[in-house]
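Here's the structure we're looking at; comments come further down.
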Amino acid sequence: MRGKTALLTGGATGIGRRTAYELAENGVHLVINYRQSKEEAVSLAEELTEKFGTKNIAIGGDIANLEECQRVAEEAISALTCIDILVHNAGPYMHERKVMTDYSFSEWNYIINGNLNALFYLAKLLMPGMRERGWGRIITVGFERVETAPGWIYRSAFAAAKSGAASLTKTIALEEAKHHITANMVCPGDITGEWKERDIDQAAEVQDATTPVGRPGTGEDIARVISFLIDEKSDFITGSIIPITGGKDVLGKAFRD
């Protein structure tokens with residue numbers, strides 16, 4: 001991975017932030033995309049550059065908007081010459097519980113655009129360069145069982161968008177294999193609050209009876225898998241949907257709550 005460049009959407013906070021640390025530590029130069037968290041993104045880019053010696057910049061932009069995706073891609077390529085890796089971590093989510101008919105048209109479209117269409121926009125913009133160089137990695141983020149296109153009560157737009165993204169990830173893997181571009185999806189478990197930015201060592205000291213492995217999940221759990229999939233020798237893994245849940249039945253819990 002060392003010397004490769006990555007565009008990480010939603011990289012300023014949460015799992016995205018922890019992933020940025022993991023990639024920079026492994027020598028990846030980063031474009032950290034953010035929508036509202038400018039201060040956090042800029043500070044993170046500076047911190048990673050100082051700590052790991054990689055080149056890191058922050059670029060604002062709402063990836064649910066095509067024109068913003070085009071601008072972000074153009075600025076990213078201009079600043080770092082090329083983008084070898086796309087980690088589409090950002091994705092709008094509605095915490096309020098709503099049945100499908102209670103969604104406004106604008107709410108529905110925003111969630112679909114940010115989670116599904118943004119993957120198409122950014123992949124279409126960045127993959128020509130990956131093809132030219134004969135190397136690329138695309139990582140998307142889903143949820144447990146997403147490959148089965150399950151129903152998810154009160155989360156209709158998010159579930160539909162992520163299920164579509166899972167299918168699109170697999171299609172990209174098939175179409176782009178001849179160009180040595182891989183595409184995989186990681187599916188975090190029930191990782192909440194401060195744990196999104198914390199490390200496995202910290203979680204090892206905490207008991208969590210709701211998770212079969214007995215500890216909370218962390219951002220590092222997800223970041224380590226993303227880092228592994230990006231590695232040069234991981235090229236035989238493509239079109240995969242990988243749950244990272246600690247064995248927890250996350251979607252089943254959502255149905256019961």
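The values are calculated or read from the model by the stated rules, or taken from the named source; none is laboratory data. Since we're looking at a predicted model, the values are computed, not measured. Counting neighbours? That spans all protein chains shown, and the Cβs are built from the backbone with ideal geometry, glycine included.
List of remarks:
- Qualifying residue in the range 215-233 (condition: of a type in the set (S, T, N, Q), surrounded by fewer than 19 Cβ atoms within 10 Å (Cβ to Cβ) and either out of contact with any strand residue (DSSP E or B) (no Cβ under 8 Å at 6 or more places or on another chain) or modelled with pLDDT under 95 (or both)): no
- Within the range 74-94, tally of residues that are touching a strand residue (DSSP E or B) at 6+ places or on another chain (Cβ under 7 Å) and not acidic (D, E): 12
- Any chance I226 is over 19 Å from E144 (Cβ atoms), in contact with a helix residue (DSSP H, G or I) (Cβ under 6 Å, 6 or more places away or on another chain) and β-branched (V, I, T): no
- For the range 184-209, the set of residues classified as without any contact (Cβ under 8 Å) to a residue 60 or more places away in the chain and surrounded by 19 or more Cβ atoms within 10 Å (Cβ to Cβ) consists of N184, M185, V186, C187, W195, A203, listed by residue number.
- Residues (closer than 27 Å to T169 by Cα and without any contact (Cβ under 8 Å) to a residue 40 or more places away in the chain) located in the range 96-117: F105, S106, N109
- For the range 214-228, the set of residues classified as assigned to a helix (DSSP H, G or I) and either under 16 Å from G3 (Cα atoms) or not aliphatic (A, V, I, L, M) (or both) consists of G219, E220, D221, R224, S227, F228, listed by residue number.
- If only residues of the range 15-43 that are over 18 Å from W195 (Cα atoms) and hydroxyl-bearing (S, T, Y) are counted, the one that is surrounded by the most Cβ atoms within 10 Å (Cβ to Cβ) is Y34.
- Residue within the range 56-69 that is surrounded by fewer than 22 Cβ atoms within 10 Å (Cβ to Cβ), in contact with a Ser or Thr (Cβ under 8 Å, 6 or more places away or on another chain) and not hydrophobic (A, V, I, L, M, F, W, C) present: no
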